[in-house]
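Have a look at the structure below, then the notes.
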Amino acid sequence: MNILLVGAGLSGAVIGRQLAEAGHDCRIIDSRPHIGGNCHTQRDPETGVMLHLYGPHIFHTDDEGVWAYVNRHADFVPFQNRVKTTSQGAVYSLPVNLHTINQFFGTTLRPDEARAFIESKADNSIADPETFEEQALRFVGPELYEAFFKGYTEKQWGCSPRELPASILKRLPVRFNYDDNYFFHRFQGMPRDGYTAMIEDILDHPRITVELETSYDPAMADDADHVFWSGPLDGFFGYSLGRLGYRTLDFERFTYQGDYQGCAVMNYGDRDVPWTRITEHKHFSPWESHEGSPCYREYSREAGPKDIPYYPIRLVEEKSLLTQYIDLARSQEKVTFVGRLGTYRYLDMDVTIREALDTAGVFLGAEKAGTAVPAFVNSPQ
Ligand SMILES: Cc1cc2nc3c(=O)[nH]c(=O)nc-3n(C[C@H](O)[C@H](O)[C@H](O)COP(=O)(O)OP(=O)(O)OC[C@H]3O[C@@H](n4cnc5c(N)ncnc54)[C@H](O)[C@@H]3O)c2cc1C
């Protein structure tokens, strides 16, 4: 079959590779001048540092199949993300852990004591937290909430934590030990030559052709037996019902000679500091050595029509618009919507790869059985 895949990010590349290996011809297009989607990395011409152009990406997973898959396509170097935060005039370790708690409160508590102490701070009158703020107050109490969650969240989401659902905070752990590894997953690492080299390797198959700086035109679907769409779900329909809300990021670069902040990621918890964090990219490749150090102040704001969509907002309004787009998508005959934009969800890379592998499996299964391929293998809701 002739397969058209829109988007040369992880979703398009992994699905394309699976289908090419099964004997299908895959044409992958991307409107950008490079492959890799938002995981794109490139060497900085000025300093030689490997840059994560659309924000820092750390690979972490518990999925053994996905870990084996990425290791087939890249040489991974062990890497653990250790994030710090500047808040109220001091530097602390994140996620909030025993060190953070003891430093913040000037205590020397052991794990059980700290657990009891934080429980004594928690607002137990909130039985069933509905908002982010209620969840935080219920979970960690007012002091840690103010210092580590409130200001950062207001900047990241552009609204009060009282307007955000509690579910956002449930993902953020408080640890009663000194483990400051940001992620819990068993497998964590960085591709030695960057993500773009890994995706280049995935795309390296004689049945795959890649066309860059090529935007989707509906006429392209005429030549295809099936289309996989990893662009924005609402974009496929020309935003005819309105735009699904996204947050976008602005990156303000400065270059330092030496080591600017001593770590890859420094968050800024105070509301009066306008950026959410500073990332110093050479710390994402600690096995390399560079004198010049590109750093990025990161600012979050609502995405306009011309901005890159980063984080789906998914509040009540967006959810009702999303339902309408899902209905439209299901009325399409030979299009499957995939990936973080096509299904309007935040997806880590490992989940993106897992879903792409599963989607290819569903396609090949349907081909064999002579049944229709669904519009969504992974539901946006
Ligand atoms: C700031 C940020 C940090 C992240 N950090 C991490 C991390 O540390 N660890 C982790 O595991 N994950 C991280 N992620 C998630 C990761 O970026 C995604 O899992 C991954 O990019 C999803 O790949 P995708 O192919 O679905 O989408 P994308 O990478 O967005 O690819 C979609 C592609 O489609 C193209 N496209 C769109 N519309 C059209 C069109 N009309 N015509 C042609 N081409 C089109 C786009 O140009 C793009 O290249 C992060 C995400 C963000 C936003």
Across region 247-273, what is the total count of residues that are out of contact with any helix residue (DSSP H, G or I) (no Cβ under 9 Å at 6 or more places or on another chain) and within 11 Å of the ligand (Cβ to nearest atom)?
3
Can you name the number of the only condition in (1) in a loop (DSSP other than H, G, I, E, B); (2) more than 16 Å from residue 39 (Cα to Cα); (3) within 15 Å of the ligand (Cβ to nearest atom) that residue 283 fails?
(1)
Among the basic types (Lys, Arg) and assigned to a loop (DSSP other than H, G, I, E, B) - does that describe any residue in region 106-120?
yes
Among the residues listed as 351, 338, 373, 377, the single one being closer than 17 Å to residue 16 by Cα and away from the ligand (no atom under 16 Å from the Cβ)
373
Selection status of residue 166, within 16 Å of the ligand (Cβ to nearest atom) and more than 18 Å from the chain's Cα centre (by Cα)
no
How many residues, within region 47-65, are near the ligand (Cβ under 10 Å from one of its atoms) and either of a type outside the set (A, V, I, L, M) or modelled with pLDDT under 95 (or both)?
8
Whether any residue in region 12-20 is touching an Asp or Glu at 6+ places or on another chain (Cβ under 8 Å) and among the hydrophobic types (A, V, I, L, M, F, W, C) is what I want to check.
no
If I filter region 66-108 down to residues being among the small types (Gly, Ala, Ser) and out of contact with any helix residue (DSSP H, G or I) (no Cβ under 7 Å at 6 or more places or on another chain), which single residue comes out as farthest from the ligand (Cβ to nearest atom)?
106
Any chance you could count how many residues in region 286-304 are farther than 12 Å from residue 250 by Cβ and under 20 Å from the mean Cα position of the chain (by Cα)?
1
Is there any pair linking a residue in region 29-40 that is more than 8 Å from the ligand (Cβ to nearest atom) to one that is of a type in the set (S, T, N, Q) and part of a loop (DSSP other than H, G, I, E, B), with Cβ under 6 Å and at least six apart or on different chains, and which?
none
Just checking, how many residues over region 1-29 are buried (at least 24 other Cβ atoms within 10 Å of the Cβ) and assigned to a helix (DSSP H, G or I)?
9
Condition set touching a Pro at 6+ places or on another chain (Cβ under 9 Å) and closer than 22 Å to residue 371 by Cβ, scope region 299-337, selection surrounded by the fewest Cβ atoms within 10 Å (Cβ to Cβ): answer is 330
Tally the residues that are under 15 Å from residue 235 (Cα atoms) and within 15 Å of the ligand (Cβ to nearest atom), restricting the search to region 306-324.
6
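The values are calculated or read from the model by the stated rules, or taken from the named source; none is laboratory data. Note that the structure is a prediction, hence the values are computed from the model and not measured. Heads up, the Cβs are rebuilt from the backbone with ideal geometry, glycines too, and the neighbour counts pull from every protein chain shown.
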